[in-house]
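K.L.:
This structure is in structure tokens; I'll ask about it shortly.
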Amino acid sequence: VQVVESGGGLVQAGGSLRLSCVASSGNIFSIKTMGWYRQAPGKQRELVATITEGGSTNYVDSVNGRFTISRDNVKNTVYLQMNSLKPEDTAVYYCWANWVLLGDTWGQGTQVTVSS
């Protein structure tokens, strides 16, 4: 089982980035919920957004209206479109997948840095 993120980088405040994450298991296991967490220096990891297999979404209040999570169930891929980025969005962003029978798996993380 692998979970691999891409799309992080450096952007100015007010800019946009799109994160992608592919979860693979050799077509053996299926995924229930996918999502994104983030961890800023000196802070605990926090939930950013989740999306179920049926497309129901959930966001932390601080990103509501700015970030959009979406998912391609055929490709086992989840996306996070981040608009109107703020310096406080700077963090390592981790992809998370909750698999049927397997439980939780995490990606290695991708750095997002927003300059003021």
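The values are calculated or read from the model by the stated rules, or taken from the named source; none is laboratory data. Everything numeric in this text was worked out from a predicted model, so none of it was measured. Here Cβ is always computed from backbone atoms with ideal geometry, including for glycine, and neighbour counts include all displayed protein chains. Accessible surface is based on the protein model in full, side chains and every heavy atom, while ligands, DNA and RNA are left aside. Shrake-Rupley method; radii C 1.70, N 1.55, O 1.52, S 1.80 Å.
K.L.:
When you check Leu10 against the structure, is it open to solvent by 70 Å² or more (accessible area, probe 1.4 Å) and aliphatic (A, V, I, L, M), yes or no? Explain how you work it out, then say what you get.
P.N.:
Working: open to solvent by 70 Å² or more (accessible area, probe 1.4 Å): yes; aliphatic (A, V, I, L, M): yes.
So Leu10 passes the test.
K.L.:
Could we say that Ala49 is surrounded by 16 or more Cβ atoms within 10 Å (Cβ to Cβ), in contact (Cβ under 8 Å) with a residue 12 or more places away in the chain and not polar (S, T, N, Q) here?
P.N.:
Taking the combined requirement at face value, the residue satisfies it.
K.L.:
For segment 25-46: of the residues being modelled with pLDDT of 90 or more and polar (S, T, N, Q), which is least open to solvent (accessible area, probe 1.4 Å)? Walk me through how you get there before you give the answer.
P.N.:
As a first pass, look at segment 25-46 and keep what is modelled with pLDDT of 90 or more: 32-46.
Checking the rest, the ones that are also polar (S, T, N, Q) come to 33, 39, 44.
Numbers: Thr33: 31, Gln39: 63, Gln44: 163 Å².
That would be Thr33.
K.L.:
Shifting gears a bit: If you scan segment 2-19, which residues turn out to be closer than 13 Å to Phe67 by Cα and either among the hydrophobic types (A, V, I, L, M, F, W, C) or in contact with a Phe, Trp or Tyr (Cβ under 9 Å, 6 or more places away or on another chain) (or both)? If you could, list the steps in order and put the result at the bottom.
P.N.:
Initial filter on segment 2-19 (closer than 13 Å to Phe67 by Cα): 14-19.
Those that are closer than 13 Å to Phe67 by Cα and either among the hydrophobic types (A, V, I, L, M, F, W, C) or in contact with a Phe, Trp or Tyr (Cβ under 9 Å, 6 or more places away or on another chain) (or both): Leu17, Arg18, Leu19.
K.L.:
Please find, within segment 62-98, the residue that is nearest to the chain's Cα centre (by Cα) out of those that are surrounded by fewer than 20 Cβ atoms within 10 Å (Cβ to Cβ) and assigned to a strand (DSSP E or B).
P.N.:
Filtering segment 62-98 for residues that are surrounded by fewer than 20 Cβ atoms within 10 Å (Cβ to Cβ) and assigned to a strand (DSSP E or B), the one nearest to the chain's Cα centre (by Cα) comes out as Tyr79.
K.L.:
Is it fair to say Arg18 is assigned to a strand (DSSP E or B), open to solvent by 50 Å² or more (accessible area, probe 1.4 Å) and on the phi < 0 side of the Ramachandran plot?
P.N.:
On the way: assigned to a strand (DSSP E or B): yes; open to solvent by 50 Å² or more (accessible area, probe 1.4 Å): yes; on the phi < 0 side of the Ramachandran plot: yes.
Considered against the rule, which asks whether it is assigned to a strand (DSSP E or B), open to solvent by 50 Å² or more (accessible area, probe 1.4 Å) and on the phi < 0 side of the Ramachandran plot, Arg18 comes out as yes.
K.L.:
Looking at (1) in contact (Cβ under 8 Å) with a residue 24 or more places away in the chain; (2) surrounded by 13 or more Cβ atoms within 10 Å (Cβ to Cβ), which is the only condition Thr57 fails?
P.N.:
Thr57 satisfies every listed condition except (1).
K.L.:
Test each condition in (1) closer than 20 Å to Ser116 by Cα; (2) touching a strand residue (DSSP E or B) at 6+ places or on another chain (Cβ under 6 Å); (3) among the hydroxyl-bearing types (Ser, Thr, Tyr) for Tyr79 and report the one that comes out false.
P.N.:
Answer for Tyr79: the failing condition is (1).
K.L.:
Exactly one condition in (1) more than 12 Å from the chain's Cα centre (by Cα); (2) assigned to a loop (DSSP other than H, G, I, E, B) is not met by Asp104; state its number.
P.N.:
Tallying (1) more than 12 Å from the chain's Cα centre (by Cα); (2) assigned to a loop (DSSP other than H, G, I, E, B), Asp104 fails exactly one: (2).
K.L.:
Could you tell me how many of the residues in segment 21-46 are assigned to a loop (DSSP other than H, G, I, E, B), aliphatic (A, V, I, L, M) and in contact (Cβ under 8 Å) with a residue 40 or more places away in the chain? Explain how you work it out, then say what you get.
P.N.:
Initially, segment 21-46 is screened for residues assigned to a loop (DSSP other than H, G, I, E, B), giving 25-30, 40-45.
Filter again for aliphatic (A, V, I, L, M), leaving 28, 40.
Still in the list and also in contact (Cβ under 8 Å) with a residue 40 or more places away in the chain: 40.
So the count comes out to 1.
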